[in-house]
Amino acid sequence: MKLGVTRVPKQNEQCKLVILETSDMHGNIFPINYGNNEETSSGFAKISSLLKRELCLSSFTLVIDNGDVLQGTPLTYHYARYLNEKENPLISCLNHLEYDAAVIGNHEFNYGKGLLEKAISQSNFPWLSANILDSKSKQPAFGRPYIIKEFNNGLRVAVLGVTTHYIPNWENPTHIKGL
């Protein structure tokens, strides 16, 4: 979905920054409630239309996922259990939609650290978490704590990823060992 810039403002000109974020998508690509098989207004298939429209309207757009994207539907379960040697379908979706970054959520650990690491390696965007540290090095365990996106007019925007500190209370200890 490469979209060209239609107009570049001058250095001192004001611009409108558009921040589009998703959160708690829980593996929903299609607009379906799997509990009752009814159509919903969510899912990446619906979001893609909004993203395309907004990216056409503004050259100053950030697209970020705030976590809990890799788990939650029959698709994600089937992928994690039976097809995890292939590319993660959610990562394919986020890559196609050209996300700028994603923040690690607590549900990213539900299928184990290995599946999360594989998802990160397949991503065309950085995963952020300033507060999930490797227990030995004390450095961020999964990449960078933040990004700075620079737009073509010189505008720079920092995005800091922070993950809930309750993960040890909720998650299987083997899934977060070493963190």
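The values are calculated or read from the model by the stated rules, or taken from the named source; none is laboratory data. Since the structure is predicted, the reported quantities are computational estimates derived from the model, not experimental observations. Positions of Cβ are backbone-derived with ideal geometry, glycine not excepted, and every protein chain shown enters the neighbour counts.
Of all residues assigned to the stretch 35-42, none qualifies as being part of a strand (DSSP E or B) and under 15 Å from the mean Cα position of the chain (by Cα). Checking each residue in the stretch 1-37 for being among the polar types (S, T, N, Q) and modelled with pLDDT of 80 or more picks out Q14, T22, S23, N28, N33, N36, N37. Of everything in the stretch 119-129 that is buried (at least 16 other Cβ atoms within 10 Å of the Cβ) and among the polar types (S, T, N, Q), the residue that is nearest to V63 (Cα to Cα) is S123.
Looking across the stretch 130-155 at every residue that is within 19 Å of the chain's Cα centre (by Cα) and closer than 20 Å to K118 by Cβ, the one that is surrounded by the fewest Cβ atoms within 10 Å (Cβ to Cβ) is identified as R144. For the stretch 156-165, filtering for residues that are of a type outside the set (S, T, N, Q) and surrounded by 13 or more Cβ atoms within 10 Å (Cβ to Cβ) leaves 5.
Among the candidates D100, D134, the residue that is in contact with a Lys or Arg (Cβ under 9 Å, 6 or more places away or on another chain) and over 13 Å from V69 (Cβ atoms) is uniquely D100. Does A158 fit the bill of being among the small types (G, A, S), under 13 Å from the mean Cα position of the chain (by Cα) and not in a loop (DSSP other than H, G, I, E, B)? Spelling it out, it is not the case that A158 is among the small types (G, A, S), under 13 Å from the mean Cα position of the chain (by Cα) and not in a loop (DSSP other than H, G, I, E, B).
Scanning the stretch 114-141 for residues that are touching a Gly at 6+ places or on another chain (Cβ under 8 Å) and closer than 16 Å to T174 by Cα yields a total of 3.
Residues in the stretch 90-118 that are closer than 27 Å to R53 by Cβ and either buried (at least 21 other Cβ atoms within 10 Å of the Cβ) or hydroxyl-bearing (S, T, Y) (or both): L90, I91, S92, L94, Y99, A101, A102, V103, G105. Take the stretch 88-135 and flag every residue that is of a type in the set (F, W, Y) and part of a loop (DSSP other than H, G, I, E, B). Listed by number, the residues that qualify are Y99, Y111, F125.
One line per residue, one yes/no per condition, for (1) within 15 Å of S23 (Cα to Cα); (2) in contact (Cβ under 8 Å) with a residue 24 or more places away in the chain; (3) surrounded by 14 or more Cβ atoms within 10 Å (Cβ to Cβ); (4) out of contact with any helix residue (DSSP H, G or I) (no Cβ under 8 Å at 6 or more places or on another chain):
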residue: E38; (1), (2), (3), (4): no, no, no, yes
residue: G43; (1), (2), (3), (4): yes, no, yes, yes
residue: I47; (1), (2), (3), (4): yes, yes, yes, yes
residue: L51; (1), (2), (3), (4): yes, yes, yes, yes
residue: L55; (1), (2), (3), (4): no, yes, yes, yes
residue: T61; (1), (2), (3), (4): no, yes, yes, no
residue: Q71; (1), (2), (3), (4): yes, yes, yes, no
residue: H78; (1), (2), (3), (4): no, no, no, yes
residue: N88; (1), (2), (3), (4): no, yes, yes, no
